[in-house]
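The structure appears right after this line, and notes come after that.
The values are calculated or read from the model by the stated rules, or taken from the named source; none is laboratory data. Please read these numbers as outputs of a predicted model, since none were measured by experiment. Reconstructed Cβ throughout: ideal geometry from the backbone, glycine too, with neighbour counts over all protein chains shown.
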Amino acid sequence: RNPWKSDLIVRIDLDARDRADIVAFLKTLTDAQFLTDPRHAAPQD
């Protein structure tokens with residue numbers, strides 16, 4: 001047991017389908033092409 005974990009954090013029992021759905025959703029939030037596009041890089045001084 002982690003002594004720093006809040007008791008408000010509880011395990012959510014998910015079946016394989018629910019876990020797969022969550023992973024698929026999270027993958028939609030990552031756009032590798034956008035992240036590597038130099039047009040979106042920090043400006044140079």
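Taken over the range 16-40, the criterion of being at pLDDT 95 or above and β-branched (Val, Ile, Thr) is satisfied by 22, 23.
Reported count of residues in the range 2-30, each being surrounded by fewer than 10 Cβ atoms within 10 Å (Cβ to Cβ) and either among the acidic types (Asp, Glu) or at positive phi (or both), is 3. The residues in the range 1-35 that are in a loop (DSSP other than H, G, I, E, B) and among the small types (Gly, Ala, Ser) can be counted, and the count is 1.
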